[in-house]
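Remarks on the structure that follows.
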Amino acid sequence: MRIFAAMDFPAEVRTEIRAWQEIAKRLHSGIRWVESGQSHLTLRFLGNVGPESVDAMSAILDSWTPGPLPFSLESIGSFGGGGRPAVYWLGCAVPEPVRLLARSLGMVPDDRGRIHGGTFVPHITVGRTTAKPPAGPPSRPDPGSANPSTEGRLEFPDPPQVKGFFRTAAIYDSILTPGGPEYRTIQRFDISRTHRVADDGQSDGR
């Protein structure tokens, strides 16, 4: 299993992302675009791990009940590029509880035994290339980008002006297929609760 934890986006937000991708496709046909129905905000990617790692993440997410949390899409960025495979993403503004959750999940070791305590860059992957990015006019430098290099950077439409609320999180298994990864839901968590319901149906006060 290739395991990761993520926040789920509402259906109306995925629709807005799809509309943005359709415009971007006309500019950059060489990018393999991610199906918007699979859009999510990755919190922690573990890779090929066993059930004990899934249980560790499940315990963290099951006890996390902050209530609905606001978000907004606000930027465009990339990882890689410059002749290497590249990932293109929409940046997402999130409140501090989401960042703290990502930090907690980062303490669960990945498939190489590593923990992650570094910078969390909230983003939605919208497209990928497997080689040098297709030719296009360079975009303006973004000092706040996780990848400040402008080499191979492309011009994209402005990000969709979308705001909403996170209400669920999930643990997924990423299954690699010739058409790209497909995501199987292992467990979903209702974060809109402001308290947790115990196994016997009684509130435990959280």
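Looking at THR65, THR42, THR15, can you tell me which residue is closer than 22 Å to THR129 by Cβ and hydroxyl-bearing (Ser, Thr, Tyr)?
Result: THR42 is the single residue among THR65, THR42, THR15 that is closer than 22 Å to THR129 by Cβ and hydroxyl-bearing (Ser, Thr, Tyr).
GLU155 - would you say it is modelled with pLDDT of 90 or more and among the acidic types (Asp, Glu)?
no
Among the residues of the stretch 19-45, write down those that are closer than 26 Å to ILE3 by Cα and hydroxyl-bearing (Ser, Thr, Tyr).
Result: SER36, SER39, THR42.
Within the stretch 83-126, track down each residue that is of a type in the set (A, V, I, L, M), closer than 18 Å to PRO10 by Cβ and surrounded by 17 or more Cβ atoms within 10 Å (Cβ to Cβ).
LEU90, VAL94, VAL98, ILE124, VAL126
Which ones in the stretch 33-82 are touching a Cys at 6+ places or on another chain (Cβ under 9 Å) and buried (at least 19 other Cβ atoms within 10 Å of the Cβ)?
Of everything in the stretch 33-82, those that are touching a Cys at 6+ places or on another chain (Cβ under 9 Å) and buried (at least 19 other Cβ atoms within 10 Å of the Cβ) turn out to be LEU41, PHE71, LEU73.
Residue check: is ARG140 out of contact with any Lys or Arg (no Cβ under 7 Å at 6 or more places or on another chain), surrounded by fewer than 16 Cβ atoms within 10 Å (Cβ to Cβ) and either part of a helix (DSSP H, G or I) or modelled with pLDDT of 95 or more (or both)? It would help to see each step written out before you state the result.
Numbers: out of contact with any Lys or Arg (no Cβ under 7 Å at 6 or more places or on another chain): yes; surrounded by fewer than 16 Cβ atoms within 10 Å (Cβ to Cβ): yes; either part of a helix (DSSP H, G or I) or modelled with pLDDT of 95 or more (or both): no.
Answer is no for this residue.
Inside the stretch 162-187, can you point out the residues that are modelled with pLDDT of 90 or more, under 20 Å from GLU35 (Cβ atoms) and exposed (fewer than 13 other Cβ atoms within 10 Å of the Cβ)?
ILE175, ARG184, THR185
The values are calculated or read from the model by the stated rules, or taken from the named source; none is laboratory data. Keep in mind that this is a model prediction, so the values were computed, not measured. All Cβ positions, glycine included, derive from the backbone under ideal geometry; neighbour counts span all protein chains shown.
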